[in-house]
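Have a look at the structure below before the remarks.
The values are calculated or read from the model by the stated rules, or taken from the named source; none is laboratory data. Please read these numbers as outputs of a predicted model, since none were measured by experiment. As a convention, Cβ positions derive from the backbone with ideal geometry for all residues, glycine included, and neighbour counts pool all protein chains shown.
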Amino acid sequence: MVSTHEYNRSYMPHVLVIEDDVQLRRYLKELLEGEAYVIYEASNGIQGLSMYETNHPDIVLTDIVMPDMEGLEFITMLKKQNPETPIIAMSGGNQGYGENHLQTAVKLGAEYALSKPFTSKELLENIRELLKS
């Protein structure tokens, strides 16, 4: 997290994006790289845990409904191992359960929960807020 680094313009925060929708993942990568973030990508929670262990990002964005390992399981596992890592959960409201998934994500430790579609401004504000703390 930024709090463990002396914040200066030369430090580029590292963000792990876990999203199974390839187009959305590419969009998030381009958006965040444009804001001077270093991006790591994963398409499910299993890959996300591996990427986290390899790269130790400052913040994690995770989808909830994904194949292999879904976001709620990922959040639970990551928060047990690294409770200080901030997480933003995202869900598209699959079959009407999106809000329930997001509420559960927050109960499990996600700092923010965004319902898809969300605005780039909303996402960036949440990321900046988490990186300040």
Worksheet item: In the list 42, 36, which residue meets the criterion of being among the hydrophobic types (A, V, I, L, M, F, W, C), modelled with pLDDT of 95 or more and over 14 Å from the mean Cα position of the chain (by Cα)?
Response: 36
Worksheet item: Taking the stated definitions as given, is residue 103 over 19 Å from residue 37 (Cα atoms), modelled with pLDDT under 90 and of a type in the set (S, T, N, Q)?
Response: no
Worksheet item: Can you name the residue in region 77-94 that is within 13 Å of residue 117 (Cα to Cα) and modelled with pLDDT of 95 or more and, of all such residues, is farthest from the chain's Cα centre (by Cα)?
Response: 90
Worksheet item: Taking the condition within 17 Å of residue 114 (Cβ to Cβ) and part of a helix (DSSP H, G or I), does residue 46 pass?
Response: no
